[in-house]
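What follows is a set of notes on a single structure, which appears directly below.
Laboratory data are not the source of any read-out in this text; all were calculated from the coordinates shown. All values reported here derive from a predicted model rather than from experimental measurement. Positions of Cβ are backbone-derived with ideal geometry, glycine not excepted, and every protein chain shown enters the neighbour counts.
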Amino acid sequence: MPALPRCAIPRRDAILIAMSVTLNILDVTTKPALQGLGKDQLKELVRTLNEPAFRATQLFSAIYARRLDSFESITDLPKSLREKLSAEYRISPVTIANVFESSDATRRYLFDIEGSQQIESVWIPEEHRDTICISSQAGCPLACDFCMTGVIGLKRNLSAGEIVGQVIAVLNQVYGSGVEPKHGVNIVLMGMGEPLLNYDAVMAAVRLLADPAGIGISQRRITLSTAGVLPGIYDLAKENVRPEWPSRYPTRVFLRSGGPVRRYPRSWKYPVRRLSH
Ligand code: SF4
């Protein structure tokens with residue numbers, strides 16, 4: 001089993017802050033975001049705009065494969081369509097509020113999201129790979145006693161767009177909009193929140209992350225970390241996320257215990273001995 005990457009949690013000992021740069025002012029727009037929409041949803045969107053279906057393929061590629069962050073930069077779309085989209089939609093539902101860089105070059109990203117909430121991601125560069133640790137919820141309803149996020153409580157679930165948006169924003173901030181990362185990127189769902197308590201949005205995001213025509217991160221590189229939500233683990237085991245994904249590379253699941261069961265909330269109802277079977 002590969003070693004768990006260093007990540008956003010535990011937070012008390014989180015990253016040494018060496019640099020803090022405000023990159024963006026909070027985007028208060030509430031226009032719907034296109035990140036998070038799948039191919040069928042984009043087809044439906046272009047249909048409502050009286051555009052041919054192939055525009056959906058162009059949009060999917062622009063948003064996910066090319067990671068373009070403005071409608072103006074999608075120059076393969078006609079100007080009239082770009083203007084229409086820009087008037088009614090935004091591309092990303094997440095806005096970088098701050099970046100904190102540690103002495104080992106790890107960066108912690110703070111994002112503003114709708115509803116005056118904030119979430120975190122962590123970018124961990126290594127010699128032969130990068131790892132991006134992303135959040136699945138704003139806050140968390142659990143209360144693992146080693147984690148500060150549990151103290152906040154659950155504010156809300158993230159949408160699929162807010163989950164993939166973290167990855168796209170970090171890659172664009174590190175490498176530049178649409179620039180290919182210099183080596184493999186690992187994704188770990190180990191930031192704020194319990195991913196299996198936001199199952200549908202997390203799985204929609206995983207499909208977008210792993211789609212070869214989209215962000216194109218191999219499923220082998222996507223790891224879901226859970227406190228041990230047993231029904232979600234059973235659902236995940238049955239998941240046929242994408243038929244073309246080789247079954248020998250299931251999305252990996254790690255339990256977050258990292259220690260004795262007493263580190264879980266006292267009310268935890270899924271005994272660790274059951275989780276290990
Ligand atoms: S499930 Fe994760 S985010 Fe939630 S309290 Fe436990 S360690 Fe923290």
Mark the label point 7 Å from the Cα of Arg66 along Cα→Cβ and return the residues of region 82-120 whose backbone N is within less than 13 Å of it. 82
Under the Karplus relation 6.51 cos²θ - 1.76 cosθ + 1.60, θ = phi - 60°, what is the ordered set of whole-Hz ³J(HN,Hα) values for region 176-186, x standing for Gly and Pro? x, 4, x, 7, 5, x, 6, 8, x, 10, 9
Between Ala237 and Asp145, what is the FRET efficiency for a Förster distance of 30 Å, r being their Cβ-Cβ separation, to the nearest 0.05? 0.60
Of 72-84, 181-193, 211-223, ordering from highest average Cβ density within 10 Å down gives 181-193, 211-223, 72-84
Mind giving me the nanometre distance, one decimal, between the label points for Glu126 and Lys182, set 7 Å out from Cα along Cα→Cβ? 1.7
